[in-house]
Amino acid sequence: MRKARGIVRNLQQAGWYLPAGILLFLVFVYPVLRTLVLSFLHVNLESGFQPVFAGLSNFGRLVSDTRFYRSMQATLVFVSVSVLLEFVLGLALALALEQLKRSGRFFRTLLLIPWTLPTAIIAILWMWFFNDQYGAVNDLLLRLNVIEAPVAWLAQPRSAMAAIILADVWKAFPFVLIVLVAGIQAIPREMYEALEIDGGTYWHKFRYVTLPHLLPFIFVAVIFRIIQAFAVFDLVFVLTGGGPGGKTETISVYSYYTFLRYMDFGYGSALVLVLAGLLALIGWTLYTLLLRHYEPGR
Amino acid sequence: MLWIAAAFILSLRMPGANPEGALSVLMEPDGTGTWRMLIAQFEKENPDIPIQMVEGPPATNAREDLYAASFLSGKAGFDIVYCDVVWTAKFAAAGWLRDLTDRLSRQDLNDFLPQELEAGSYKGRVYRIPAFTDAGMLYYRKDLVESPPVTFDDLERQARQLQNGNRWGFLWQGKQYEGLTTVFLEILWGFGGEWIDAKTKQVYLDSREAVKALEFLKKTIGTISPPAVTSYIEEDTRTLFQAGRAVFLRNWPYVWTLVRESPVKDKVAFVPMVHAPEESSAATLGGWGFAVSETSSRVEDAWKFVKFITGTEQMKVMYERMGRIPSRRSLVPAEFVPIIEKARMRPAIPEYAQASDILQRWVSAALTGRPGCEEALKKAAEETRALLGHAK
Amino acid sequence: MASVRLVNISRRFPDGSLALSNVSLEVEDREVVTILGPSGCGKSTLLRIIAGLDHPTGGEVWINGRPAAGIPPRSRDVAMVFQSYALYPHMNCYQNLALNLVLKKVPREEIDRRVRETAEMLEIGDLLDKKPRELSGGQRQRIALGRALIRNPQVFLFDEPLSNLDALLRERVRHELKQLFARIQATVIYVTHDQVEATTLADRTVVLDRGVIQQAGTPETLYRMPANTFVASFIGSPAMNLIDARLEAGKLRIGERQIDTGLDASGIFRIGVRPEAIRIADGMPAKVALVENLGARFLIEARVDGVPLMVLADERPAADSLQLQIDPKDIHVFDKESGKNIRSALDSRRIHP
């Protein structure tokens, strides 16, 4: 009797979780499971979209796919350079704006604008900026005498990658900035005063108070940016389409092509799975590296 | 991640089953209003078949992806497909297009341009009815050029002579995208080379002709073509040419309408693309047509519309109002006949998108970077063979 | 060690509020001075001004005979213990203690020696490898203390160092601090809102209210001769009885009885009597309204002709009524308007010759 009542209560409790559980299943578990299943199948034009069991052959093909390696390389270059720049710029400006106090709030809002714009719009904007004939970038550099003749930014692999990175940094560093500003504001004033009395200089304040307190915030900002940067799509798609020579094709652009243009769902799923696995690995590594010595919350 | 995005896109999907029972079609942005006008005309003649036109993005591959996403969702999507030449094989192979072979009259079969008909066919069956045709051609400044070039050497020599600090010799589309494939093919064919034999699936990209073609293109960069040419698409080159900043321009017929309203309006003429001395000129065939979706529940109504919109009178309107070259032999304007005659189709294979991507990537790589032309084409050939062999 | 002299210190915040007004104070070498006041009275601001973390808008700070204006905190040779302890969370206790010496580029061997010495003195040797978050509140407090001690500064500044501890621990640490102050013979300025802390630890206590010094003196002086009603009610527990009453030629009338205060004054005054100064003996008849058991003693709310008086007694009253006796010298008389003790000039001479 009592046991039966317990079960009823458990069921009632479970009922409360049901809507959230269904939502989670639909938007997260189901797509992941489906991708997992697809990666072990051939589902493509050739098979007429009829699933054929493929074993590990999709993954085998991945191992010998030079385009996969190249896109991975492009992705890693993009992610490491852009996230590093966003971090340095975001941190520097967060520290600077904190000094400005009240007017800092105004600049902070101003700097946040790029973050609020849709990436596709930003990509089109920067495509015009980078235009070799009429673009603002060349115009500015010519006026400043940095370059002697217009640079064809999107026409060469290296400068095209630099252009994509620049556009991404412009859009995303405000995110890092705002997270770090929040972190800086959470630091107790007494920490700085204690160090000031102890004889600390500005550098010491940064080294012994600001940085250790910011670590969890830095972790959050950087891991967010890394995940987002890994999935970069719009910028590349609009600015270069992956060119020249496929040198700016990131893994997400390659996945998109594989799914929607080549209609190879089995192989595309394998690509996406590898990307997800890599992200999990990077997240875990960063977590252990950055936060092992400092747990947030206390 | 992508799946979530895809599922989201699909859930927001276009009209599909709309309440009025209209037939739906995804089109390009209707800047001139011509499509709306033609549809209104059709609806007037067929009051029981309303048409709902969705204006898609201007980029053709974006519309290709939208169609694909719509078909993949499995539900009834668009009834009518406004279809580029290079999609037909893929869409037909996927089973998304209805076989229209037996609906064509003998008269139509004779009138449509044979290349356009073939480009609309897959495995001998017709899936797409051509509406207008496209072919690459060479525009030049007749106020500067005395006699238009015939060979690659002519083009290069004249370009060098006539260019100056404010004016480049030769503009083409060099960004890594479908346009690069079409440009490269014209050069390749002009040197007597070939890309893929659609029937045997043989790949010829590592031939000597292909190397010559790529070397020719590469040599133009920075000499007679601007360094940024490897980032240009059609509109970039057209804008520069119309501003009087180039002597030669490789582009499509649509430029002819626009250039006549530009600062260089009376100074431009065109000829077929140049070629090697022993060979003949070639143009990459483009063009659009209409097909009936396999998932449509109203095939007869859809066919009525396709038949209407590809009719003689409608093609005339398209030419007059949009500069689109009719795909009926009887209607091709005289000045375009020499161009259209040279037009050759890109291989009608289901794996076309992937094959073209391989070509673009390696050609673009050779144009902008380290791999030599020979090496790049060898790699491209290997990859293409692997792709087509893999497909069996 | 050193002296600290504050001359007419004022501090007006940018929003216009006046945190300190004409505060003058002299802290002798090796003197322990506590600054007592309710929250918002300006006591922390005063401490921060001495440390150099804040700057007065008027007046001067002298440390060891030299003006401190323009000298940054790190050069003032003062150590401060914060209410929140302000320990560096990512460093272990050893590093927390050592940081100041590291920044001063003291040789490593000496740093090690001094850390060990300090740790031994505070009995925190076993905590040195731990990080602040692994410590209890009392342990953290000791580390914060150690961080100040290790520097051997001219002046120690304490900003409510015990207020984050629970009551029991606070009492123990207070006791230890008292012993420590005696041992290190240092100049200490100690800010608190707790009158017990203020009076037990100090050689001298300064009572601050609304940015103005109300009274400065030994704890005994403050207790026996409060300068005004604020000090009178702030010092001593249970709080002093304060009632309005009439004096006629120095005679205070309570109920039927008259008590001669020995003052030559007439009119309405504010009269103060400490609960412990009222004895249960033959005298004024009173009714018992309420009895509170304080453990060792009893706090009785008595009513004399309806006038409530708190009385501290050794025993619970046997009946509902009792008789009270007040020694005239235990009666404090304050001006009704200004709150000033009108007897202080006279009596302070008598009590402290």
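The values are calculated or read from the model by the stated rules, or taken from the named source; none is laboratory data. From a predicted model like this one, the values you see are computed outputs, not experimental measurements. Glycine also receives a Cβ, built like all others from the backbone with ideal geometry; neighbour counts cover every protein chain displayed. With ligands, DNA and RNA removed, areas are computed over all heavy atoms of the protein, side chains included. Shrake-Rupley method; radii C 1.70, N 1.55, O 1.52, S 1.80 Å.
Looking only at residues of region C:113-145 that are part of a loop (DSSP other than H, G, I, E, B) and of a type outside the set (A, V, I, L, M, F, W, C), we find that the one that is nearest to the other protein chains (Cβ to nearest Cβ) is C:Lys131. Determine whether A:Leu89 is in a helix (DSSP H, G or I), in contact (Cβ under 8 Å) with a residue 24 or more places away in the chain and surrounded by fewer than 14 Cβ atoms within 10 Å (Cβ to Cβ). Criteria not met by A:Leu89. Condition first: farther than 18 Å from C:Tyr190 by Cα, assigned to a strand (DSSP E or B), open to solvent by 10 Å² or more (accessible area, probe 1.4 Å) and not small (Gly, Ala, Ser). Can you find one or more residues in region C:39-56 that meet it? Looking through region C:39-56, none of the residues is farther than 18 Å from C:Tyr190 by Cα, assigned to a strand (DSSP E or B), open to solvent by 10 Å² or more (accessible area, probe 1.4 Å) and not small (Gly, Ala, Ser). Screening C:Ala148 with (1) surrounded by 15 or more Cβ atoms within 10 Å (Cβ to Cβ); (2) free of Cβ contacts under 8 Å to residues at least 60 places away in the same chain; (3) assigned to a helix (DSSP H, G or I); (4) within 14 Å of another protein chain (Cβ to nearest Cβ) gives one miss only, at (2).
Confirm whether C:Val27 is within 13 Å of another protein chain (Cβ to nearest Cβ) and of a type in the set (Val, Ile, Thr). No, not satisfied.
In the set B:Glu300, B:Glu313, B:Glu335, only one residue is surrounded by fewer than 19 Cβ atoms within 10 Å (Cβ to Cβ) and within 13 Å of B:Gln41 (Cβ to Cβ); that residue is B:Glu313. Any residue at all in region A:139-151 that's within 16 Å of A:Val238 (Cα to Cα), within 12 Å of chain B (Cβ to nearest Cβ) and either outside any loop (DSSP other than H, G, I, E, B) or out of contact with any Asp or Glu (no Cβ under 7 Å at 6 or more places or on another chain) (or both)? No, that holds for no residue.
Applying a threshold of 9 Å to beta carbon distances and a minimum spacing of six or more residues, or different chains, the list of pairs starting in region A:165-193 at a residue that is assigned by TED's automatic domain parsing to the domain that holds A:Thr75 and ending at one that is at pLDDT below 90 and basic (Lys, Arg) reads A:Pro174/A:Arg108; A:Leu177/A:Arg108; A:Ile178/A:Arg108; A:Val181/A:Arg108; A:Met191/A:Lys205; A:Tyr192/A:Lys205. Does B:Trp172 fit the bill of being within 14 Å of chain A (Cβ to nearest Cβ) and either open to solvent by 10 Å² or more (accessible area, probe 1.4 Å) or over 20 Å from the mean Cα position of the chain (by Cα) (or both)? Here the answer is no, as B:Trp172 does not meet what is asked.
Restricting the first member to region A:123-147 and to residues that are closer than 18 Å to B:Ser225 by Cβ, and the second to residues that are modelled with pLDDT of 85 or more and open to solvent by 20 Å² or more (accessible area, probe 1.4 Å), the beta-carbon pairs closer than 7 Å and six or more apart or on different chains are A:Asp132/A:Trp153. As for region A:185-196, it holds at least one residue that is open to solvent by 20 Å² or more (accessible area, probe 1.4 Å), more than 11 Å from chain C (Cβ to nearest Cβ) and in a helix (DSSP H, G or I). With the structure loaded, tell me whether A:Thr119 is hydroxyl-bearing (Ser, Thr, Tyr), within 14 Å of chain B (Cβ to nearest Cβ), crowded, with 16+ Cβ neighbours inside 10 Å and over 19 Å from A:Leu273 (Cβ atoms) or whether it fails that test. It is true that A:Thr119 is hydroxyl-bearing (Ser, Thr, Tyr), within 14 Å of chain B (Cβ to nearest Cβ), crowded, with 16+ Cβ neighbours inside 10 Å and over 19 Å from A:Leu273 (Cβ atoms).
Yes or no, residue by residue, for (1) under 24 Å from C:Arg253 (Cβ atoms); (2) out of contact with any Leu (no Cβ under 6 Å at 6 or more places or on another chain); (3) modelled with pLDDT of 85 or more:
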| site | (1), (2), (3) |
| --- | --- |
| C:Asn293 | no, yes, yes |
| C:Ile300 | yes, yes, yes |
| C:Asp305 | yes, yes, no |
| C:Val311 | yes, yes, yes |
| C:Asn341 | yes, yes, yes |
| C:Pro353 | no, yes, no |
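Residue check: C:Ser75 meets all listed conditions (1) in contact (Cβ under 8 Å) with a residue 24 or more places away in the chain; (2) more than 23 Å from C:Gly138 (Cβ to Cβ) but one, namely (1).
Checking A:Ala96, A:Ala120 one by one, the residue that is among the small types (Gly, Ala, Ser) and touching a helix residue (DSSP H, G or I) at 6+ places or on another chain (Cβ under 6 Å) is A:Ala120 and no other. Total residues in region B:277-297 satisfying the condition of being surrounded by fewer than 20 Cβ atoms within 10 Å (Cβ to Cβ) and within 30 Å of B:Trp189 (Cβ to Cβ): the figure is 4. Of everything in region B:175-218 that is open to solvent by 50 Å² or more (accessible area, probe 1.4 Å) and in a helix (DSSP H, G or I), the residue that is nearest to the other protein chains (Cβ to nearest Cβ) is B:Lys218. For region C:90-112, a residue qualifies if it is facing chain A (nearest Cβ under 10 Å) and of a type in the set (A, V, I, L, M, F, W, C), and the qualifying residues are C:Met91, C:Leu99, C:Leu101, C:Val102, C:Leu103. So C:Val304 passes all but one of these: (1) free of Cβ contacts under 8 Å to residues at least 24 places away in the same chain; (2) closer than 22 Å to C:Ser233 by Cα. Which condition number does it fail? Going through (1) free of Cβ contacts under 8 Å to residues at least 24 places away in the same chain; (2) closer than 22 Å to C:Ser233 by Cα one by one, C:Val304 breaks only (1).
Taken as a whole, the condition of being aliphatic (A, V, I, L, M) and closer than 22 Å to C:Pro56 by Cβ applies to C:Leu208. Just so you know, in region A:242-268 the residues that are under 19 Å from the mean Cα position of the chain (by Cα) and closer than 22 Å to B:Tyr232 by Cβ include one that is nearest to the other protein chains (Cβ to nearest Cβ), and it is A:Gly242.
The residue that is farthest from B:Ser24 (Cα to Cα), counting only those in region B:64-97 that are more than 12 Å from chain A (Cβ to nearest Cβ) and assigned to a helix (DSSP H, G or I), is B:Val85. Criterion applied to B:Phe241, B:Phe248, B:Phe270 was being within 14 Å of chain A (Cβ to nearest Cβ), under 24 Å from the mean Cα position of the chain (by Cα) and modelled with pLDDT of 90 or more, and the one residue passing it is B:Phe241.
Restricting region A:209-220 to residues that are aliphatic (A, V, I, L, M) and more than 12 Å from A:Gly283 (Cα to Cα), the residue that is surrounded by the fewest Cβ atoms within 10 Å (Cβ to Cβ) is A:Leu211.
With a requirement of 1 or more residues that are at the interface with chain A (Cβ under 10 Å from one of its Cβ atoms), the helices (runs of 4 or more DSSP H) lying completely within region B:312-376 that satisfy it span B:352-368. Of everything listed in (1) farther than 27 Å from B:Tyr352 by Cβ; (2) modelled with pLDDT of 95 or more, the single unmet condition for B:Pro148 is (2). Taking the stated definitions as given, is B:Asp153 closer than 30 Å to A:Gln133 by Cα and exposed (fewer than 15 other Cβ atoms within 10 Å of the Cβ)? So B:Asp153 fits the description; yes. Take the residues in region C:59-89 that are open to solvent by 50 Å² or more (accessible area, probe 1.4 Å) and away from chain A (no Cβ under 14 Å), then tell me which one is farthest from the chain's Cα centre (by Cα). The extreme case among them is C:Gly70.
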